[in-house]
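Each remark here refers to the structure printed beneath this line.
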Amino acid sequence: MANRTQSKQETRLSLVPAPVAGLLSLLVPGLGQALARHVYRGVLLLVSLGSIVGLLAWRVQLLAHREEGPLAMLVKALQRRPSFVVAMLLGVVALWLFIAWDAYRLARPGRRSAPGVFVLVFLLLFVLGWQITEIDVYKAVNELADVWPRLSQILWPWEAAFDEITEVVSAGADIQVPCTASPPSPPEEIPGQPYVAAEPTCGVLSEQDENYASILGTVLTFTGRGFAPNTEVEIWWIDPLGNEFRVRQEGSYVAAETDDQGAFEIEVIMPYRLIPTTGERAQMHRIEARQVSQVVGVQPSEALRLIIERMIETIMVGMMATLFGIVLSIPISLMAARNLMSGSWVTMALYYLVRTWMNIVRSIEPIIWALIAVVWVGLGPFAGFIALTLHSIAALGKLYSEAIESIDPGPIEAIQATGATRLQMIAYAVVPQMIPPFVSFSIYRWDINIRMSTILGLVGGGGIGFLLIQYIRLLDYRAAGIAVWFITITVAIMDYVSAEIRQHFV
């Protein structure tokens, strides 16, 4: 026993003396460790130092990209980021010396490897990562107050989830454009109903000249009575085609406040022309006063209805992609299991072919597959379904095949000893052992597909992601918040359901 231990220690002895190992690592980092019979450690230290030096050179080049020559770039980088550049240069030198000392230490008899040199590697990579990602804690804390109003709308967006159902009281008067010899008369007043009148009853619309200078239209004196007292009245304009809009003046909507008797009077400039004129023929426009009399209830807003529809679409895309992924990945997983395909060179060739295909498909993210599918079948949930199905087949095929490779070979050998065919062997020896991991992996993939389908909409793959990115681009943070809440609630429910299913089958 003692001789065996001594022999093992002799095989671990360094090929060179400790000073030589340290000197060699000073010349070529990691070489001393390799000659001290710590090859992997030496290679790892060489790659780590090379990566740190390369990243530092890249950052220096970015800091001084207008300078020519390494020395000029280094000087400029020192001027712009002195603390970072100096700290990294000292760190690189310290790491180089530390690697040489580590080689000297490892080459000495009876010395064991220590993790100290890798702690320094981690610290240098951390400093580089901090600078590359441009982390600015002061900026994050200082500007939090500016983003809080928008963040609060996302965190509590429910004011935009429902619209009030209101009763609107309105009255209007016809306005002729342009004036003719017989302008329209003021409307007839009906007792007990709101009434409005405009003076004059004809005029010209505002427009712009060839130099884009504003030419204001006719000023109308708009009066009304019979409305609710001390309540705002909105002024609306309706063109001959039926297009209606609120009148704006000086960047603000025009509105009037009724007095104690429910009457108002306001001057309104006729708005800009929205439709082309028809020569000298007069057109009839209409000006209206509208007042919300009371709120009679609430109803789901358009944003809420759209989000619910797209959320259902998202769930269905994830569910269908999971279903097709499971069905199509099972035969692929059988062909990707080495213990089932090692019978001949033909099956092994098929094994390597299937494995290569799965690796290629899995390496491409679903969002990239969605972009390809959008070009293939166009925008919509079908593109998202194709993207998730392809990735699910490859991912589940790999998981299933690895589970098959780890099953107990005893039942397989017992079934084969009876002279059973390969299909019988799979049905009676492989499938019974595969049900628990298959169920677990399938549920996990379902959870992934539900979450991924919320993102595919960003590139046109259907679902709620499309609405979410549109609301963010339009700065409608309340609607975006509703979408985020629905995504969170859906993922939480899916997680609970999947846990329950896993508890019963796994």
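Since every read-out is calculated from the coordinates, none of them should be taken as a lab result. Every value quoted in this text rests on a predicted model; they were computed, and no experiment measured them. Glycine gets a Cβ as well: all are built from the backbone with ideal geometry, and neighbour counts include every protein chain shown.
Proximity of backbone amide H atoms, modeled 1.01 Å from N, is registered between residue 231 and 258 at under 5 Å, excluding neighbours fewer than 5 places apart on the same chain. In the chain, helices alone account for a calculated mean residue ellipticity at 222 nm of -19000 deg cm²/dmol, with every DSSP H run of four or more residues adding -39,500 (n - 2.57).
Computed over the range 302-505, the alpha-carbon pair-distance distribution with 5 angstrom bins reads 1, 8, 14, 16, 16, 13, 10, 8, 6, 4, 2, 1, 1, 0, each value a whole percent. What FRET efficiency would be calculated for the residue pair residue 71, residue 140, taking the C-beta separation as r and a Förster radius of 45 Å, to the nearest 0.05? For residue 71 and residue 140, the calculated efficiency is 0.80.
Helices in the chain that qualify as membrane-span-like (whole DSSP H runs, Cα extent of at least 20 Å along the helix axis, mean Kyte-Doolittle hydropathy of -1.0 or higher) are 39-63, 82-107, 116-132, 302-335, 345-363, 381-405, 431-456, 477-505. Once the other residues with Cβ under 15 Å from the Cβ of residue 252 are scored (Lys, Arg +1; Asp, Glu -1), what is the net sum? Result for the neighbourhood of residue 252: -3. In the range 89-215, taking the dipole from charged Cβ atoms about the Cα centre, the farthest positive-side position among 172, 93, 187 is held by 93. For the range 162-299, the spread of Cα positions along the three principal axes, ordered from largest to smallest, is 47, 35, 25 Å. In the chain, a dipole from Cβ-located charges (positive for Lys and Arg, negative for Asp and Glu) runs towards its positive end, and of 140, 381, 14 it is 14 whose Cα lies farthest in that direction.
Each listed q (0.08, 0.10, 0.11 Å⁻¹) maps to a log10 I(q)/I(0) for the chain from the Debye sum over equal C-alpha point scatterers, namely -0.91, -1.10, -1.17. Ranked by the mean number of other Cβ atoms within 10 Å of their residues, highest first, the peptides 134-144, 483-493, 458-468 come out as 458-468, 483-493, 134-144. First measure r as the distance between the Cβ atoms of residue 504 and residue 348, then evaluate 1/(1 + (r/R0)^6) with R0 = 51 Å and state the FRET efficiency to the nearest 0.05. In this case the efficiency is close to 0.85.
Dividing the radius of gyration of the alpha carbons in the range 2-135 by their Kirkwood radius gives 1.12 for Rg/Rh.
Count Lys and Arg as plus one, Asp and Glu as minus one, and take only other residues whose Cβ is under 13 Å from that of residue 471; the net charge is then +2. Under the simplified labelling scheme, the residue 470-residue 16 pair shows an inter-label distance of 6.8 nm, with each label point 7 Å from Cα along Cα→Cβ. Considering the range 328-372 at the alpha-carbon level, its Rg and Dmax are found to be 12.6, 40 Å.
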